[in-house]
Structures are given as structure tokens and as C-alpha cells.
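Bear in mind that the values in this text are calculations on the coordinates, not laboratory data. These figures come from a predicted structure and were not determined experimentally. As a convention, Cβ positions derive from the backbone with ideal geometry for all residues, glycine included, and neighbour counts pool all protein chains shown.
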Amino acid sequence: MLRNYPLISAFLAFAIAQSIKFFTTWYKERRWDPKQLVGSGGMPSSHSATVTALAIAVGYQEGFGGSLFATALVLACIVMYDATGVRLQAGRQAEVLNQIVYGLPSEHPLAESRPLRELLGHTPPQVIAGGLLGVVTASIGQIIIMVIG
């Protein structure tokens, strides 16, 4: 497992993306937020970075013309489409629902309900940035493999 280049590329891309979110939150808000290390949403998309790194690494290892690369590429496209579509819209709906609940009178049964998570999906730039991070991560990994041998 430690020699599985596609798997290592995917995990590394995820870790880098989440770390970027962690440190940019500190830079913007001057507070450490450990949730950023595992949470969804934000810049760059760690989901996109992960699946793109996986697909590119599979392409380097198995060839870009094979069915394994095609499978990984389709998976990556579905994940990135979902991030900008369904998950982004679900997050926006959560924002609206939270605003409605905040406006309810205190005696309403839902007034004390826990707020819904609003940061679920990604904007297209966040997905593109994650995809680029995945390509770079897998490509640097391939260069290292070629140099080491």
C-alpha cells in the first residue's frame, strides 16, 4: 500500500487541500479551526483535488488510453459536477432554511433547532483550483518516481 502511487497521490492531494483551507482560515480570521482539516466546502475543493490526483496518477501508471484511466476520469467528473451542482445548491438551501428558522418566534417548536450546515458544495473556481492541485500533485509524484527510479 505504501508503494501505491495513485493512492498516495490522492491522499496527498486531499491533505494539501485541507491544509490550505486550515491555514487560510487562520490567516483570514486569526483563529485556528481544526474542523477545516476534515470539513467540506471552501477553497480549494479537496474532493476535486483527490479524485483528479487519483485519475492523473492512474493515467501515468496504467496509460491514459486504458479503461482504468477512463473509469477514474469519469469518477472525477461526477464528483466535481456534484460539488458544483447538488452539494452547492443544498448548501444554499440550508442558508435559506436557517434564515427562516432564525426568524421564527421563540415559542415555535423549530425555533431551537440546530442550524443546518451551509458549506457543503463548491463554486466552479474552487473545483477548478482543486482539480489543478490534483494534477500538480500527481505530476510531481510522477517526476519523483521517474527520478528515483
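Report the full-extension gain for the segment Lys35 to Tyr5: residue separation times 0.36 nm, less the Cα-Cα distance, to one decimal in nm.
8.0 nm
Can you quote the Å³ per residue value for the convex hull of the Cα atoms in the chain, rounded to an integer?
Hull volume normalised by residue count: 139 Å³.
Calculated FRET efficiency, Ala70 and Ser19, Cβ-Cβ r, R0 30 Å, to nearest 0.05? Display every interim value, and only then the final one.
Numbers: r = 30 Å, r/R0 = 1.02.
Computed FRET efficiency for Ala70 and Ser19: 0.50.
For the chain, what does -39500 (n - 2.57) per DSSP helix run (n ≥ 4), summed and divided by total residues, give at 222 nm, in deg cm²/dmol to the nearest 500?
After summing the helix terms and dividing by residue count, I get -23500 deg cm²/dmol.
For the chain, take the longest principal axis of its alpha carbons; what is the angle in degrees between that and the long axis of helix 124-148, to the nearest 10 within 0 to 90?
30 degrees
Relative to the longest principal Cα axis of the chain, at what angle does helix 86-102 sit, 0 to 90 degrees, rounded to 10?
The angle comes out at about 20 degrees.
Please give the peptides 102-109, 8-15, 25-32 ranked by average Cβ packing (other Cβ atoms within 10 Å per residue), highest first, as a rough proxy for protection. If you can, show how the numbers build up before the last one.
Values: 102-109: 8.4, 8-15: 21.5, 25-32: 10.4.
By packing density, highest mean first, the sequence is 8-15, 25-32, 102-109.
Could you give the angle, 0 to 90 degrees to the nearest 10, between helix 5-29's Cα long axis and the longest principal axis of the Cα atoms of the chain?
Here the helix axis deviates by roughly 40 degrees.
To make sure I understand, if each residue's beta carbon is the centre and we count other beta carbons within 10 Å, what order do Val101, Val147, Val79, Val96 fall in, fewest to most?
Final ranking by Cβ density, sparse to dense: Val147, Val96, Val101, Val79.
Extending each Cα 7 Å along its Cβ direction at Val147 and Asp82, get the distance between those two points in nm, one decimal.
Each label point lies 7 Å from its Cα, and together they span 3.6 nm.
Which of these, Ile128, Ile16, Ile100, has the largest mean-square fluctuation under a Gaussian network model of the chain (Cα springs below 10 Å)?
Highest fluctuation of the listed residues: Ile100.
With θ taken as phi - 60° and the coefficients 6.51, -1.76 and 1.60, list the Karplus ³J(HN,Hα) couplings across region 55-65 in order, rounded to whole Hz; mark glycine and proline as x.
For region 55-65, the Karplus-derived couplings read 4, 5, 5, 4, x, 4, 6, 9, x, 7, x Hz, x marking Gly and Pro.
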